[in-house]
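A.B. asks: Please see the structure below; I have some questions.
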Amino acid sequence: MSCREPFEPESIEFLDALVIESVITNELKNQEVRLTRTYKLEDNEPLVENNAEVTVHDSNNNIYAFTQNQEGIYVSDVEFQAEEDLIYQLFITTQNGKTYQSSEVTLTPISEISNLYAELTTKDNGEQGISIFVDSDNTSGEANYFKYDYEETYKVIAPNHFDFDIELTNLTQDANGIEYDIVVTEREQEERVCYSTERSVGIIQTTTNELNNNYVSRFEVNFIPINDSKILERYSILVNQYIQSLEAYTYYNTIDELGSLNNILSQTQPGYVLGNIQPSSESSEKVIGYFEAATISSERIYFNFTDFDIPQPDYFYECDLLTLDYNDNSARDGDINERNALYRLITINNYKLASGIDNSGTIYDIVNPECGDCTSISSNIRPDFWED
């Protein structure tokens, strides 16, 4: 009765603004400042603000310079840590000569993560999953505003990995079809066991300001459905807890309430929210972002799906295991030309050998790369922190 056409949203009005995010912490490390620009709805990702001059000044007259890395993040040239009773301020000069500076900030109080743990839980809608909870010791009572992010790392094991693979060489073609040589080779790199790492998105906050006991208890920072392939093998999560000032908490809470789905640097803004960074000169230019000095506490835990009374989740992909005969060089018998299919799947689709070759030496079991080579979806570099 009717038809539908895809609708591509486009920006009607667009605010081109510098986006700044930086949290310097009391952890001794190379601190970071992230600079991008807002982007239109029809664009895929924000533009990195390149070649800016970035410095952080403290009240002891120390000046810390930052240099842009390959990811477009500005990293301090030396390691340093935010210290109690010092005042910090961020200064930025962009490549077009515009200058910006933050308000003066001080380090927030300390509150350590006292417990990080995983439990099997059921949501109100009946969905089961593994909840990651955090408790925080706040014996001093001075910390009231908490922000969290996390980094989850999980093991990936290719279910149809085989120690050997095949290469196809010396292709020839004539009226009778194609011919090629098949060479069986031992795999040169680790392609069975890999590790994937993902960072959290969104804004995760809580406050104890209205609680009588003034400490964080059983605050859920992540929920993993029981059928999520991330917990198919071994899973680890590193949770970072930042103590915020009231002003910083209010800024991020406002962003979240306006409908944030991701980090403020990787999405279009639903509206302008005033942060603590302004142009140095008298200007009506709008700047998005916030500069903080926050204490940090971090904890990591590991678990396997067998630690909970749940079924093992499925693998990330359907495994398309095929058996093809090199001697089948015709489609006249009612099925596909298996020699052609073998060549196409190996050379174009990067299928992998999935088992040993039969006695005839012409029949090969192959599988899609996601199931035969974990490096097609993950990294074979084992993290230094990983524990089995």
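The values are calculated or read from the model by the stated rules, or taken from the named source; none is laboratory data. Just so it is clear, the structure is predicted and the values come from calculations on it, not from any experiment. Because the Cβ atoms are built from the backbone with ideal geometry, glycine has one as well, and the counts that use them run over all protein chains shown. Areas reflect the complete protein model, heavy atoms only, side chains present, ligands, DNA and RNA absent. Shrake-Rupley method; radii C 1.70, N 1.55, O 1.52, S 1.80 Å.
A.B. asks: Express the C-alpha Rg of the chain as a ratio against the empirical globular expectation 2.2 N^0.38 Å, rounded to two decimals.
C.D. replies: For the chain, the normalised Cα radius of gyration comes out at 1.28.
A.B. asks: Of A294, S131, A175, which is farthest on the positive side of the dipole of the chain, counting Cα position, with +1 on Lys and Arg Cβ, -1 on Asp and Glu Cβ, and the Cα centre as origin?
C.D. replies: Sorting the options by dipole projection puts first A294.
A.B. asks: If one takes the longest principal axis of the Cα atoms in the chain, at what angle in degrees, from 0 to 90 and to the nearest 10, does the Cα axis of helix 246-257 lie?
C.D. replies: Roughly 40 degrees between the two axes.
A.B. asks: Nearest 20 debye, what's the magnitude of the dipole of the stretch 62-145 about its Cα centre given +1 on Lys and Arg Cβ and -1 on Asp and Glu Cβ?
C.D. replies: Dipole about the Cα centre, nearest 20: 460 debye.
A.B. asks: Send over the per residue convex hull volume for the stretch 338-388, Cα only, as a whole number of Å³.
C.D. replies: Spread over its residues, the Cα hull of the stretch 338-388 gives 95 Å³ apiece.
A.B. asks: Hey, another quick one. I need the per residue convex hull volume for the stretch 27-114, using only the alpha carbons, in cubic angstrom as a whole number.
C.D. replies: 150
A.B. asks: While we're looking at this one, here's another question. State the percent of C-alpha pairs, over all pairs in the stretch 271-388, separated by a distance greater than 18 angstrom.
C.D. replies: Pairs farther apart than 18 Å: 74 percent.
A.B. asks: A further question on this structure: Count charges around I110 for me, please; just the other residues with Cβ under 11 Å from its Cβ, Lys/Arg as +1, Asp/Glu as -1.
C.D. replies: -4
A.B. asks: Identify the GluC sites (Glu not before Pro) of the stretch 291-388 meeting these criteria: DSSP loop state and at most 12 other C-beta atoms within 10 Å of the C-beta.
C.D. replies: E318, E387
A.B. asks: Per residue, what accessible area does the chain have, given a 1.4 Å probe and all protein chains present, in Å²?
C.D. replies: 55
A.B. asks: Sticking with this one: Could you state the angle between the C-alpha long axis of helix 338-347 and the longest principal axis of the C-alpha atoms of the chain, as a value from 0 to 90 degrees rounded to the nearest 10?
C.D. replies: Around 30 degrees separate the two axes.
A.B. asks: Arrange the peptides 190-202, 19-31 so that the one whose residues have, on average, the most other Cβ atoms within 10 Å appears first.
C.D. replies: So the peptides 190-202, 19-31, ranked by packing, come out 19-31, 190-202.
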